[in-house]
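> Before anything else, here's the structure in question.
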Amino acid sequence: MKLYFITGAIVWLFMLALSVYVYPQMPDTMISHWGPAGQADGHAGKFMALFMVPLISGAMLLILPAVPKMDPLKANIKKFSCHYGRFIVLMTGFFLYVHVITILLNMGYAFSITQALSPAFGALFYYCGILISKSKRNWFIGIRTPWTMSSDSVWNKTHKLGGKLFRAAGILSFVGIVLYDYAIIFILVPVISFSVLLVAYSYVEYRKGEK
């Protein structure tokens with residue numbers, strides 16, 4: 001875990017250094033938020049716009065490695081700690097990617113933000129599928145419903161299916177690179193639909209075990 005934390009910290013420091021480097025070049029007011037169709041609908045002062053993402057990323061970089069220590073089932077997290085460590089690095093890289101896109105758009109480069117974010121979400125969802133499929137019952141990571149938390153069997157079945165569905169959601173997110181007018185649909189609809197399905201599936205599997 002220390003190796004992954006150090007790697008994430010290096011990525012985070014690069015993000016912070018990038019903000020400092022481009023700060024003099026940025027306008028006093030920057031676009032900081034985009035709507036579902038990719039239209040700019042929010043602005044912020046350049047200090048907030050340039051350091052908000054690094055601050056959020058830095059907070060997550062501190063919180064995520066601490067999660068296994070707080071979990072009453074931390075012994076189970078150790079069983080997939082390598083996959084969890086890679087997730088920490090991936091999340092930091094994801095924030096860096098979003099940060100770079102925000103800077104480029106504010107520097108005047110013209111491209112669709114939803115199209116640009118499609119591969120980032122695709123990679124994130126796909127790896128979440130891998131992480132989910134490897135996870136063991138715990139209180140912080142995975143599909144935590146009353147029914148998965150009550151049974152190792154229900155947990156394992158739900159996460160086996162969840163791993164496949166989240167990898168599928170990741171692949172579907174990549175479609176937004178080509179069909180960029182509908183990118184937000186390919187990013188959000190599959191992952192939301194699959195999440196609801198998995199909650200229902202965990203309940204059904206739990207009821208089967210009761211009979």
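> Restricting attention to segment 1-20, which residues are of a type in the set (Phe, Trp, Tyr) and either surrounded by fewer than 12 Cβ atoms within 10 Å (Cβ to Cβ) or within 19 Å of the chain's Cα centre (by Cα) (or both)?
Tyr4, Phe5, Trp12
> Restricting to segment 178-203, and then to whatever is small (Gly, Ala, Ser) and more than 18 Å from Cys128 (Cβ to Cβ), can you tell me which residue is surrounded by the fewest Cβ atoms within 10 Å (Cβ to Cβ)?
Looking at the filtered set, the residue picked out is Ala200.
> I've got another one for you. Of everything in segment 52-84, what is in contact (Cβ under 8 Å) with a residue 60 or more places away in the chain and touching a Gly at 6+ places or on another chain (Cβ under 9 Å)? Give them in sequence order.
Pro65
> For segment 22-39, name all the residues that are touching a residue at least 24 places away in the same chain (Cβ under 8 Å) and closer than 29 Å to Leu188 by Cα.
Initially, segment 22-39 is screened for residues touching a residue at least 24 places away in the same chain (Cβ under 8 Å), giving 22-23, 25-27, 30-32, 34, 36-38.
Matches in segment 22-39: Met30, Ile31, Ser32, Trp34, Pro36, Ala37, Gly38.
Every number here is computed from the coordinates shown, using simple stated rules; none is lab data. This one's a predicted model, so the numbers in the text were calculated from it and none came from an experiment. Virtual Cβ from ideal backbone geometry, glycine too; neighbours counted across all protein chains shown.
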